[in-house]
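Shown next, in structure tokens, is the structure this report addresses.
The values are calculated or read from the model by the stated rules, or taken from the named source; none is laboratory data. Nothing here was measured: the structure is a model prediction, and the numbers come from that model. All Cβ positions, glycine included, derive from the backbone under ideal geometry; neighbour counts span all protein chains shown.
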Amino acid sequence: MADKPWIPDDWTFRNAGVASRFDDHVRETLPWYDLATHGVAHFLRAYVPEGGLVYDIGASTGNVARSVAETIESRSLRFVGIEPSEQMVDIYDAPGEIVCANAEEFPFEGFDVAVLFLVLMFIPVPERRPLLDRLKDRLRPGGAILVVDKFPLPPGYLGSSMYRWTLKQKQSGGITMEEIAEKELSLVGRQRPVVPALFDGFVEWLRVGEFRGLIHTGADT
């Protein structure tokens, strides 16, 4: 992997090269990333009250916090980013707090909004439902849980066609096929799409190829 030395053989975010390239790379590979960020920021603002508590689970370098910086200030929010990668935390540049921790073990307080932006697909499969169940239990009335994640492609030729469209999008973003292949092989066993059955009680608000945005809202009473 001399051409792209920052791509580890076995993918991890606990890598200084990955952390330093993250913000640019995610936009190169996912051309709709900023659109999804805008949607998350919109729904966060729609469901968070004055003085509310927000958790950004898998905060990376602070993309979500930066997108809602004005709301954090104007509504006096407590915004807590949770990120397991020390390398990401070291270069975190956004308003609010940042905690280096695994979400699966984090002691969540009652909160108003939780964001899981491209996170669950990197969490071990047995830990996904328990995490979502804990979040639902701690969600305050009137709040929301926001998810953007990767789902399995449909079977057959349609799925193949969608995957090829994804490759074309990445290539159009200036990424070489060699880099695309290296990244795909690096992700084996590390990135596993989520399944629809995980999201009982969620409503879809975005779909682009194999990625979807979903929201679960707390009771209004």
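From the set of residues in segment 73-96 that are touching a Lys or Arg at 6+ places or on another chain (Cβ under 9 Å) and surrounded by 15 or more Cβ atoms within 10 Å (Cβ to Cβ), which is farthest from ARG27 (Cα to Cα)?
Out of the qualifying residues, it is ARG75.
Quick check on my filter: what residues within segment 99-110 are surrounded by fewer than 21 Cβ atoms within 10 Å (Cβ to Cβ) and either of a type outside the set (S, T, N, Q) or at pLDDT below 95 (or both)?
Within segment 99-110, VAL99, CYS100, ALA101, GLU104, GLU105, PHE106, PRO107, PHE108, GLU109, GLY110 meet the criteria.
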Qualifying residue in segment 191-209 (condition: among the β-branched types (Val, Ile, Thr), closer than 19 Å to VAL48 by Cβ and at pLDDT 95 or above): yes
Options ASP133, ASP149: the member that is on the phi < 0 side of the Ramachandran plot, in contact (Cβ under 8 Å) with a residue 60 or more places away in the chain and not hydroxyl-bearing (Ser, Thr, Tyr): ASP149
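With respect to ALA59, is the statement that it is small (Gly, Ala, Ser), surrounded by 15 or more Cβ atoms within 10 Å (Cβ to Cβ) and either at negative phi or assigned to a helix (DSSP H, G or I) (or both) true?
yes
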Selection from segment 72-107 of residues that are within 18 Å of PHE13 (Cβ to Cβ), in a loop (DSSP other than H, G, I, E, B) and of a type in the set (Gly, Ala, Ser): SER85, ALA94, ALA101
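Looking only at residues in segment 167-186 that are part of a helix (DSSP H, G or I) and touching a Leu at 6+ places or on another chain (Cβ under 9 Å), which one is surrounded by the fewest Cβ atoms within 10 Å (Cβ to Cβ)?
MET177
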Pair list, Cβ under 6 Å, 6 or more apart: segment 38-54 residue surrounded by fewer than 20 Cβ atoms within 10 Å (Cβ to Cβ), other residue of a type in the set (S, T, N, Q) and in a loop (DSSP other than H, G, I, E, B): GLY51/SER76
Matching entry among ARG128, ARG164, ARG140 (being in a helix (DSSP H, G or I) and surrounded by fewer than 19 Cβ atoms within 10 Å (Cβ to Cβ)): ARG164
Condition met for VAL208 (within 19 Å of PHE13 (Cβ to Cβ), in contact (Cβ under 8 Å) with a residue 24 or more places away in the chain and either surrounded by 13 or more Cβ atoms within 10 Å (Cβ to Cβ) or not aromatic (Phe, Trp, Tyr) (or both)): no
